[in-house]
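The values are calculated or read from the model by the stated rules, or taken from the named source; none is laboratory data. Bear in mind the structure is a predicted one, so any value in this text is a computation, not a measurement. Cβ sites come from the backbone with ideal geometry, for glycine too, and all protein chains shown count toward neighbours.
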Amino acid sequence: MDTITSAATPLRQRMLEDMRLRKLEPRTQDAYICAVRKLAAYLHRPPDTATVEDLRNFQLHLVDSGTSSMTLNATLTGLRFFFDITLLRVKLMARMQPVKLPHTLPVVLSPQEVSRLIAAARNVKHQAALSVAYGAGLRASEVIGLRVTDVDGERMTLRVEQGKGRKDRYAMLSPVLLQRLRVWWRIAHAQGRMLPGGWLFPGMNPTDPLTARQLNRAVHAAAEAAGIDKRVSTHTLRHYAEY
């Protein structure tokens, strides 16, 4: 909504407040704002002036322009929040239905491919991080959110705080994974790259964690170095752990 006039700024602020009240994740908030911005750009006028016909034509525009089903549904979800919650105009989105997503099987690596992938990671930190994603079945956001104090060698567990659904949980540690984390801790501690009680996988600045984008780049680089031509990501390692 940044693209519309300054007179609409209070409207954008109200939507931001509505999302904060519901404690939506920052990425979700960005996606919802982006959805309303797209509508405003299409209409060439403030989005709160949209009619049922405008919204129908906007969805047709997205379909005809080759927008993927996933992006289309995400856009409709953001608009639904805007009209239903912020504007209290529920009837406007009543006929706007999400499209069916094609069912695709996840990419699954063989045990040999997983071993090659981790071994091909460019440094010990990335090897340890990918090992955690694979061995403990963690999402990328959960891996980068780990702190040194979350590792419990006696109980052989990893404490995962505020994972999906903002729920805390414990993941099991194997002896091999614990040993790999200890090797990484010793190297990082000796180099001054890991602060006491700090991030288990710090970024360039030890006060900041590794980002999800950096972790995924590490996966892509390792896959290329290992000669794996499958389309892999950090989540691919977690998929393997679920099978």
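Pairing each residue of segment 2-28 that is under 18 Å from Ile85 (Cβ atoms) with any residue that is modelled with pLDDT of 50 or more and among the aliphatic types (A, V, I, L, M), provided the two are 6+ apart or on different chains, yields C-beta distances under 6 Å for Asp18/Ile85.
Against the definition (more than 21 Å from the chain's Cα centre (by Cα) and among the β-branched types (Val, Ile, Thr)), how does Val107 come out, yes or no?
no
Among the residues of segment 58-90, write down those that are among the acidic types (Asp, Glu) and part of a loop (DSSP other than H, G, I, E, B).
Of all residues in segment 58-90, those among the acidic types (Asp, Glu) come to 64, 84.
Once the filter is applied, which keeps residues that are among the acidic types (Asp, Glu) and part of a loop (DSSP other than H, G, I, E, B), segment 58-90 yields nothing.
Starting from residues that are surrounded by 19 or more Cβ atoms within 10 Å (Cβ to Cβ) and in contact (Cβ under 8 Å) with a residue 40 or more places away in the chain, keep the ones in segment 49-75 and report whichever is farthest from the chain's Cα centre (by Cα). The extreme case among them is Ala50.
Residue pairs whose Cβ atoms lie under 7 Å apart, separated by 6 or more positions or on different chains, with the first residue in segment 76-99 and among the acidic types (Asp, Glu) and the second at pLDDT below 95, are Asp84/Val90; Asp84/Met93.
Val232 meets the conditions (1) farther than 18 Å from Ser110 by Cα; (2) touching a residue at least 24 places away in the same chain (Cβ under 8 Å) in every case but one. The failed one is (1).
Which helices (runs of 4 or more DSSP H) sit wholly inside segment 139-243 and have at least 1 residues that are touching a Leu at 6+ places or on another chain (Cβ under 6 Å)?
Correct list: 140-144, 212-225, 234-242.
Please tell me if Lys125 is under 22 Å from Met70 (Cβ atoms), touching a residue at least 12 places away in the same chain (Cβ under 8 Å) and not hydrophobic (A, V, I, L, M, F, W, C). Criteria not met by Lys125. Take Ala128 and decide whether it is assigned by TED's automatic domain parsing to the domain that holds His235, under 11 Å from Leu200 (Cβ atoms), modelled with pLDDT of 90 or more and not in a loop (DSSP other than H, G, I, E, B). Yes; evaluated as a whole, the condition is true for this residue. For segment 91-125, the set of residues classified as at pLDDT 90 or above and either aliphatic (A, V, I, L, M) or assigned to a loop (DSSP other than H, G, I, E, B) (or both) consists of Leu92, Met93, Val114, Leu117, Ile118, Ala119, Ala120, Ala121, Arg122, Asn123, Val124, listed by residue number. When you scan segment 97-106, do you find a residue that is buried (at least 17 other Cβ atoms within 10 Å of the Cβ) and out of contact with any strand residue (DSSP E or B) (no Cβ under 6 Å at 6 or more places or on another chain), even just one? Looking for residues that are buried (at least 17 other Cβ atoms within 10 Å of the Cβ) and out of contact with any strand residue (DSSP E or B) (no Cβ under 6 Å at 6 or more places or on another chain), one finds none in segment 97-106, hence no.
Annotation: of all residues in segment 184-243 being β-branched (Val, Ile, Thr) and under 22 Å from the mean Cα position of the chain (by Cα), the one that is surrounded by the fewest Cβ atoms within 10 Å (Cβ to Cβ) is Thr207.
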